[in-house]
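Shown next, in structure tokens, is the structure this report addresses.
The values are calculated or read from the model by the stated rules, or taken from the named source; none is laboratory data. Remember, predicted model here, so these are calculated numbers, not experimental data. Note that each Cβ is placed from the backbone with ideal geometry, even for glycine, and that neighbours are counted across all protein chains shown. Keep in mind that these areas ignore ligands, DNA and RNA; they rest on the heavy atoms of the full protein, side chains included. Shrake-Rupley method; radii C 1.70, N 1.55, O 1.52, S 1.80 Å.
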Amino acid sequence: MKNLKINNRFTTELPADPDEANEIRQVKNTLFSYVNPTKPSNPTLIHASEEVAKMVGITADEIQSKEFLNAFSGKEILPETRPYAMCYAGHQFGNWAGQLGDGRAINLTEVEHNNEFFALQLKGAGKTPYSRTADGLAVLRSSIREYLCAEAMHYLGVPTTRSLSLMLSGDQVLRDVLYNGNPAYEKGAIVCRVAPSFIRFGSFEMLTARNELKNLKQFVEYTIKHYFPEIKGEPKEQYLQFFKTIADTTRKMIVDWQRVGFVHGVMNTDNMSIHGITIDYGPYGWLENYDPNWTPNTTDSQNRRYRFGNQPQVAQWNLYQLANALYPLINEAEPLENILQSFITDFEEEYKTMFLSKLGLFTSTETDSKLIAGLEAVLQLSETDMTIFFRNLSKITKADSVENAIEKIQDSFYLPNEIKEDILDSWKKWFTVYLQRLNKEALSDGDRAEKMNHINPKYVLRNYMAQLAIDEADKGDYAAINELYLLLQKPYDEQPQSEKWFAKRPDWARSKVGCSMLSCSS
């Protein structure tokens, strides 16, 4: 891989763990520990992204090389590199968890290509000092989900990590998929994921919690220097602008999550990126029926902290924790509090604009908030598929009657026989107001539909779709992975040859493991 330009800024400029023993332990006064991946017994390449490879400086031909296979399975170390695991902490489900760190992720290196920098990280490459009670490995099931989802999110226009490669390790990994005391062996796998960096909110929380304030200052200044070079001024002003920038990009990411119906499922502070990108795809899901209380995470099934409708509030709560971590450098609460208070206010404005655009409304009126609230309520009266509803909404014209409009979104109802009496009346009332509002828009029906279809995706990675690919891959057939990979590269296009994927969740998927709720088991 002759064009892979190594530039290890993180390990060159920041303090390393002096203990190089790969033993699970508390690691203090450091940002990372050197650790080599566990060598897989018989790695094989399942899939790789030529686009992501090109982005980091790898050619399409090199993807098929033994060098690529060995490097991105962890079997061999790239020249001039030393793999490492990052030390960070975090709040999990609202509770302080202390040291966490890269327990099943190993950073291979940083590379520079076309004046951009990328961190290359293997997920599922083996034990690190931060693995706690785990083995640091990952299984094919979760690796397929991560590999496909990161790329799906990118093409949806949602800020995210990227996926370079998906490989089998050739080894078996013991996992208890439902956490019910019935572990079983599954195929081991490794994903190489790519991001500007994998620095998290919890990276700064760790340093402040341990009162390692010299390292905190060094790390914040390192991060600003390399990833936020536009930030200038006195140190305190830089730190505040750093926090505000993270708040702004995080908010925009959450608006996009809500736009496409994505539920992360485990928004712990260690799973929040300082770049405002989606990281750590575990028990995620897309809304099938529009239900703001839905969470895909079995661990979250009781309190539903990470439910779809609560994601903006959780993001703000997580930012509070980051503000607390940065406070020792600023020693002034008010400016941090102002940024935090404006987060939800700004979110609500951006959410309103986004939601109106999903409805094909590109101007604003005083009654728009009531229109949005009315739709959010009526969508929950009977199970209504979010993706299909909003996509089919673009078929409605200004001249349609209420009855015609309801007919055009009929396919989004899971139980069409329920759409009668009070529920039908509610839909009629909402569409009466909507059609009146639509007729105030200047755009023609065709132009409006075109804009809506660039906002409302036709295809998203529903859990049952991923599970079908997983089931086939378990048998050694990877065709479905590639089919979904290609489908999800053009989520806003009609793709008539793939119409079978523009469909409501089938009944069999309601209770099948992996198709509704999932655990964090990997």
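For segment 213-320, the share of accessible area belonging to carbon and sulfur comes to 48 percent (1.4 Å probe, ligands and nucleic acids excluded).
For segment 120-254, the spherically averaged projection of the C-alpha convex hull amounts to 10.5 nm². For the chain, the longest principal axis of the alpha carbon atoms and the long axis of helix 368-378 meet at an angle near 90°.
For the chain, the relative contact order comes to 14 percent (Cα pairs under 8 Å, sequence separation of at least 6).
What is the sum of charges, Lys and Arg at +1 and Asp and Glu at -1, for the other residues whose Cβ falls under 14 Å from the Cβ of D493? Don't jump to the answer; show the numbers that get you there.
Working: positive: R391, K458, K490; negative: E450, E494, E499.
Summing Lys and Arg as +1 and Asp and Glu as -1 gives 0.
Structural descriptor for segment 271-397: relative contact order 28 percent, calculated from alpha carbon pairs under 8 angstrom and at least 6 residues apart.
Computing FRET efficiency as 1/(1 + (r/R0)^6) for H454 and A209, where r is the C-beta to C-beta distance and R0 is 25 Å, gives about 0.05.
I need the shape label for segment 73-186. Rule: rounded when a/c is under 1.5, else prolate if a/b > b/c, else oblate, with a, b, c from the alpha carbon gyration tensor. The partial results should precede the final answer.
Details: a/c = 1.35, a/b = 1.34, b/c = 1.01.
Rounded shape, in that the Cα axes give a/c under 1.5.
With the simple model of a label 7 Å out from the Cα in the direction of the Cβ, A442 to T59 spans 5.2 nm.
Calculated mean residue ellipticity, 222 nm, the chain: -12500 deg cm²/dmol, from DSSP H runs (n ≥ 4) at -39500 (n - 2.57) each, averaged per residue and rounded to 500.
Rank these residues by their accessible area, most exposed first, probe 1.4 Å: R9, R307. Please report the intermediate quantities before stating the final value.
Values: R9 20, R307 65 Å².
My answer, sorted largest first, is R307, R9.
Set against the 2.2 N^0.38 Å expectation for a compact globular protein, the chain has a Cα radius of gyration ratio of 0.99.
May I ask you to derive the FRET efficiency for E376 and K225 from their Cβ-Cβ distance with R0 = 45 Å, giving the value to the nearest 0.05? Mind dumping the intermediate values first?
Details: r = 43 Å, r/R0 = 0.96.
Result of the calculation: an efficiency of 0.55.
Taking other residues whose beta carbon is less than 12 angstrom from the beta carbon of E67, and scoring Lys, Arg as +1 and Asp, Glu as -1, yields 0. Across segment 380-522, Cα-Cα pairs more than 27 Å apart make up 34 percent of the total. The accessible area of E50, taken with all protein chains in place and a 1.4 Å probe, comes to roughly 120 Å².
Can you give me the % of accessible surface on segment 45-151 that is carbon or sulfur? Probe 1.4 Å, all protein chains present, nothing else counted. Intermediate values should be presented prior to the final figure.
Numbers: 1750 of 3710 Å².
Of the solvent-accessible surface of segment 45-151, carbon and sulfur hold 47 percent.
Each part reduced to its alpha carbon centroid, segment 343-421 and segment 53-120 end up 41 Å apart.
Which chymotrypsin sites (Phe, Trp or Tyr not before Pro) from segment 375-452 combine a DSSP loop assignment with at most 16 other Cβ atoms within 10 Å? Display every interim value, and only then the final one.
On the way: sites: F389, F390, F413, Y414, W427, W430, F431, Y434; in loops: Y414.
The qualifying sites are Y414.
Each residue, Y414 and Q172, gets one label point 7 Å from its Cα in the Cβ direction; the gap between the two is 3.7 nm. From the alpha carbon centroid of segment 439-465 to that of segment 239-307 is 23 Å. Separation of the alpha carbons by more than 25 angstrom is noted, of K187/K500; K451/K504; K75/K187; K2/K252; K352/K428, for K187/K500; K2/K252. Taking every protein chain into account, the accessible area of the chain amounts to 40 square angstrom per residue (probe 1.4 Å).
Proximity of backbone amide H atoms, modeled 1.01 Å from N, is registered between H275 and no other residue at under 5 Å, excluding neighbours fewer than 5 places apart on the same chain. Averaging over all projection directions, the Cα-based convex hull of segment 13-134 occupies 9.3 nm² in the image plane.
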